[in-house]
């Protein structure tokens, strides 16, 4: 629950003090399982539980779904009994319970800072005046379940330091069970250097003992941030395990976490789930397109779906995303497969998930900042050969037929999510068509820009009476320069139409919506429509001469932690909180401060020649961090460094970008995750 920058700093401190802290606990090394408080009914020295019992059988056979307050409230006062009950009410009123959401989970800060005289946890009487059992009773009365939080350490992760469960596992587990808790999130802070597997196994045994005494099974969520590869050992400890650091409500964070979780396909299955952290959908830091991608990719990864937004104040679109039953069915498929990456070249991702009914769910995900064509086939995703297939668009809720092609032009940061099957009724559906676009949607105001659209029939049947249109904002001129209709479009053929698009000369720089739309009919007369939303960017030509990129407007940015900063280091999570750019003790007045994975795009309009920079890991993260720098001209990498660490001096990097319309400055994580990966583009110059 703590973000990784603060937690990284804490780990360094903990490492330095481990010996003294273990001494405080009365331990001289990694504590044995018997360090846990002896459960009631046993004598000192008697083993508290069998050496290695399996986790509770039959729990979390599909990924848990529910709510956790942390992402939206942290430890603020609005996290209280009223909020928790309100979320339970909304689950019922808005159909989320019916859609499968069942856990209403409390995160940190629910307790008082000290235990009582008997060593028991005490709920905060201001936040929870009725106590935790009363909240559990209310939630249970709605047909839902209650979750709670603590840490596998002496204190929880909040800076106020609420009691952790290390040394109190059996007592705390019994309290949770007595209160009616159904789910435990067990964090990793203040762990005193005790072996992770040992700490989490001790709580497993304690939960098992408490469940046996009360008859209440408790789902066990292991939250040790993926540091000790829990996917390799936790299947017989808990039902789910965090694979990453904490998520933040921004595109870069979500993308980085997704990339860390995707390779772990083989470890997921019924009762054992990879957990890439909670959902940020509805918290406001991403667009609806990005939130649909977030929800789509978590679902195809068979990830737990724990809502992290305050549902009492989110827009209606949030409920449309979170309540999409067809996407939820992908996540909850009883076969329990996690989607596998088939390709990802150039930020064009194809991820396929085998479903219990034999169908395949396919995510066509566009990581990049411009529209991309992404394609695969029914054979490539594992379907048997057939005359044709039924293709179901899970966001449009429409079915089509395809001869085997699965392809789409996907908007920036968007995902097309389809379910493809050998359904013999394919002929009753209209043919799938793919809308495409050739040419750039980067437009200089007052200057006509040429575009070519395409409508391609992917179906086994021909598309009839095809018509295509492009529309833009009021005042924009959109003119067709070639035919926009055709009477029949056979399988594999395309209607290509040339257009000019002109933004008024007074149009400010920024993003504007264009819409490409095709209407057509199937041979049996069924009318169909396909729409491709596009983003046009009105851009300003780059200035002549040499310019500091830290001062020029960018097209787009993604960043692994917080925003990209101009002329300062990345800093923490807020805009403007960086410090002077400093590499190996040398301070630079200009440049960009980023955190891997990051991309900064600039419009160069085919008018620039070179990019030069001095690059390295910023000093603000001490000796941690490893990154690599890349410069791209349109779709070609034209310069790069090897992996750089804080111990290395600044490196000079330059690239020839002649003829490029867009350049990208990219920082990758060096192959070891993104913790502490603050990279600096110092003295970065663009010459045009």
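The values are calculated or read from the model by the stated rules, or taken from the named source; none is laboratory data. Owing to the predicted nature of the structure, the values given are computational and were not obtained by experimental measurement. Glycine also receives a Cβ, built like all others from the backbone with ideal geometry; neighbour counts cover every protein chain displayed.
Just one residue in the set 459, 382, 436, 424 is outside the structural domain of residue 254 (by TED's automatic domain parsing), assigned to a loop (DSSP other than H, G, I, E, B) and either under 31 Å from the mean Cα position of the chain (by Cα) or under 14 Å from residue 364 (Cα atoms) (or both); that residue is 382. Scan 284, 238 and give me the residue that is over 20 Å from residue 65 (Cα atoms), assigned to a loop (DSSP other than H, G, I, E, B) and over 10 Å from the mean Cα position of the chain (by Cα). One residue alone meets the criteria, 284. Can you find a residue that is assigned to a helix (DSSP H, G or I) and surrounded by fewer than 24 Cβ atoms within 10 Å (Cβ to Cβ) anywhere in the stretch 270-278? No. Does residue 207 qualify as being surrounded by 24 or more Cβ atoms within 10 Å (Cβ to Cβ) and assigned to a helix (DSSP H, G or I)? For residue 207, the condition - surrounded by 24 or more Cβ atoms within 10 Å (Cβ to Cβ) and assigned to a helix (DSSP H, G or I) - is met.
Would you confirm, using the coordinates I've provided, whether residue 419 is surrounded by fewer than 17 Cβ atoms within 10 Å (Cβ to Cβ) and either more than 22 Å from residue 293 (Cα to Cα) or in contact (Cβ under 8 Å) with a residue 12 or more places away in the chain (or both)? Against the criterion (surrounded by fewer than 17 Cβ atoms within 10 Å (Cβ to Cβ) and either more than 22 Å from residue 293 (Cα to Cα) or in contact (Cβ under 8 Å) with a residue 12 or more places away in the chain (or both)), residue 419 does not qualify. All conditions in (1) touching a strand residue (DSSP E or B) at 6+ places or on another chain (Cβ under 7 Å); (2) at pLDDT 95 or above; (3) over 18 Å from residue 346 (Cβ atoms) hold for residue 619, with the sole exception of (2). When restricted to residues that are touching a residue at least 24 places away in the same chain (Cβ under 8 Å) and either outside any strand (DSSP E or B) or within 27 Å of the chain's Cα centre (by Cα) (or both), the stretch 637-688 contains 35. If residue 505 satisfies every condition in (1) in contact with a helix residue (DSSP H, G or I) (Cβ under 6 Å, 6 or more places away or on another chain); (2) not in a strand (DSSP E or B) but one, which is the exception? Residue 505 satisfies every listed condition except (1).
Right, residue 411: surrounded by fewer than 18 Cβ atoms within 10 Å (Cβ to Cβ) and either closer than 21 Å to residue 458 by Cβ or assigned by TED's automatic domain parsing to the domain that holds residue 264 (or both) or not? Criteria not met by residue 411. In the set 634, 656, only one residue is surrounded by fewer than 17 Cβ atoms within 10 Å (Cβ to Cβ), more than 29 Å from residue 229 (Cα to Cα), in contact with a strand residue (DSSP E or B) (Cβ under 7 Å, 6 or more places away or on another chain) and modelled with pLDDT under 95; that residue is 634. Evaluation of residue 492 against the conditions (1) modelled with pLDDT of 95 or more; (2) surrounded by 13 or more Cβ atoms within 10 Å (Cβ to Cβ) shows that the sole unmet condition is (2).
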